[in-house]
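As structure tokens, the structure follows; a few thoughts come after it.
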Amino acid sequence: MTSAWRNWAGNEQARPVRVLHPADTAEVADAVRTAAGEGHRVKAIGAGHSFSPVAVAPDVQLRLDRLAGLRSVDRGTGLVTVDAGMPLWRLNPLLAEHGLAMEILGDIDRQTVSGAVSTGTHGSGTRFGGIATQLRGLELVLADGSVATCSPDERPELFAAARVGLGALGVITAVTLQCVPLFALHAHDAAMPVSETFGRIHELADTNDHFEFFWFPHSTTTLTRRFRRTPADTPLKPIGAFARRLDETVSGPGFEGLNRIGTRFPGVVPPITRFAARAMSTREWSDLSYRIFASPRDVRFHEGEFAVPREHAVDALREIGRWIDTHDAKVSFPLEVRFAAPDDIWLSTAYDRASCYIAFHQYHRMAYDAYFRACESILGSYGGRPHWGKMHGLDAEALRPRYARFDDFTALRDAVDPSGVFANAYLDRVLGVAPGAKPVTP
């Protein structure tokens, strides 16, 4: 038995019987064939940034850190093929060297490209889908060790499902991305009363290229964040030293210290969040897109997130605020609110509807169960779909009615992995056990 693996947040761990570091697709295929022959289950992991157990390996763990190269770049078409283990923080500067960029990114860039697409990672922008919508092709190893390629024209059903495949259909070994010409962002942060933000939420979302906001519980202030896309050769004004120090106060080492105090003395949590809300100020800066989309996350936390139909965003947020106020909950992290366009990916949280994402967090040393259950219940009452890489307690019975193509996905899973080679306890819970597989013991 190997030593324990833990995810970034520290809330999930695994003790696989074997850990492998394949360097190419052939080695991944060999590893899968060998494991399947032994009756072992296989999971590939990336950076471990999922808060859910989606990548927990019950038997054989494939770490893709050696499968992390840039395979090809076509600057003319913008098509870029990279190995699955390429982390986004490495990929983005490489793309910039070729005059290219990813169309949109999430708010962190520590994930591998395959981990980000497989769990439905997204950014914010009503005209933009999640990262998986940028995929134009996939290479993956199936349960029998064969290597499949898929695209809108080649095995289109596999492509439709595997873009957000949760690792249930195979091990992704390479992805082809549709990139865009390199561009910059002009960023504008501004504090705004909660009432004004809620009253203007759809206007702000629709009139900015990218809009998101953060609402600290126990306060009446939001930090609104607006991004405008500009050409890459626009004169840039990166964030200054003072602003970086301010960021450390509300999200870095200073915020860590405040949370440690709040853990020991819960009564000071509301004043801490009000202080953090007041510390947020108006500022503007500009830089290349990837340097602005993603920001550091130095303070560890637990997180859940649900996508609700845009029209229900304000009602859902108000309900969460009322629950916090009426249950004397001590929540030190803000609610994060983002937006995305509809897409056609079977298990995407934005499938066939414009979505508002509401993420809820709690410092990793503080109790979170009651708060997270309340958020799950409230957001679920509006048809909320949980982010696959974040914490939730839903099972297949609860999830099936929220996804029109749920049964299509599980039928395809049953066909390409009938014995559950890529299953784990989490996938058994959220997708159900394949008819030819045995349940995985947590």
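The values are calculated or read from the model by the stated rules, or taken from the named source; none is laboratory data. Please read these numbers as outputs of a predicted model, since none were measured by experiment. The accessibility values were calculated without ligands, DNA or RNA, using every heavy atom of the protein model including side chains. Shrake-Rupley method; radii C 1.70, N 1.55, O 1.52, S 1.80 Å.
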Worksheet entry | Separation of alpha-carbon centers, region 158-201 and region 288-355, rounded to whole Å | 12 Å
Worksheet entry | Amide H contacts under 5 Å for A232, placed H, 5+ residues apart | A184
Discussion item. With a 1.4 Å probe and all protein chains left in place, how much accessible area per residue does the chain have, in Å²?
Written reply: 39 Å²
Worksheet item: Where a Cα-Cα gap under 15 Å defines reach, which aspartates and glutamates qualify for K237, not counting those fewer than 8 residues away within the same chain?
Response: D189, E284, D287
Discussion item. For K43, give me every one of the aspartates and glutamates with a C-alpha distance below 12 angstrom, ignoring sequence neighbours fewer than eight places off in its own chain.
Written reply: D59
Response to the item:
Cα-based Debye curve of the chain sampled at q = 0.05, 0.07, 0.09, 0.12 Å⁻¹ gives log₁₀ I(q)/I(0) of -0.17, -0.33, -0.56, -1.02
Worksheet item: Can you give the calculated 222 nm mean residue ellipticity of the chain, where each DSSP H run of n ≥ 4 adds -39,500 (n - 2.57) and the sum is split over every residue, rounded to the nearest 500 deg cm²/dmol?
Response: -9000 deg cm²/dmol
Item to complete: Would you look at the GNM of the chain, springs on alpha carbons closer than 10 Å, and say which of W346, W323, W215 moves the most?
Response: W323
Item to complete: Compute the length gained on full extension between R228 and L79: take 0.36 nm times their separation in residues and subtract their Cα-Cα distance, giving the result in nm to one decimal.
Response: 51.2 nm
Worksheet entry | For region 11-40 versus region 397-428, the gap between their alpha-carbon centres in whole angstrom | 21 Å
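Please compute the Kirkwood hydrodynamic radius over region 317-442, one decimal place, Å, based on all pairs of different Cα atoms.
It is 16.3 Å.
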Item to complete: Taking amide H positions as placed in the peptide plane 1.01 Å from N, state which residues far from S419 in sequence (5 or more) or on other chains have amide H under 5 Å from it.
Response: none
Worksheet item: What are the ³J(HN,Hα) values, in whole Hz, obtained from phi via the Karplus relation 6.51 cos²θ - 1.76 cosθ + 1.60 with θ = phi - 60°, for each residue of region 155-163 in sequence order, with x given for Gly and Pro?
Response: 6, x, 5, 4, 5, 4, 8, 6, 4
Discussion item. If you fit an axis through the alpha-carbon atoms of helix 313-326 and take the longest principal axis of the Cα set of the chain, what angle between them do you get, 0 to 90°, nearest 10?
Written reply: 70 degrees
Practice prompt. Express in nm, to one decimal, how much length is gained between D328 and A96 on full extension, taking 0.36 nm for each residue of separation and deducting their alpha carbon distance.
Written response: 78.8 nm
Worksheet entry | Whole-percent carbon and sulfur share, accessible surface of the chain, 1.4 Å | 51 percent
Worksheet, complete the sentence: Checking V147, V17, V171 against a Gaussian network model of the chain (alpha-carbon springs below 10 Å), the top fluctuating residue turns out to be V17
Worksheet entry | Rg/Rg_globular for region 375-418, with Rg_globular taken as 2.2 N^0.38 Å and Rg from C-alpha atoms | 1.30
Discussion item. Using a Gaussian network model on the chain with a 10 Å cutoff between Cα atoms, which of T25, T77, T173 fluctuates the most?
Written reply: T77
Worksheet, complete the sentence: Tilt, helix 88-97 to longest principal axis of the chain (alpha-carbon atoms), in degrees rounded to tens, equals 90 degrees
Worksheet entry | Solvent accessible area, Å² - H312, 1.4 Å probe, full protein context | 60 Å²
Fill in: Helix axis angle, 25-38 relative to the chain longest principal axis, alpha carbon, degrees
70 degrees
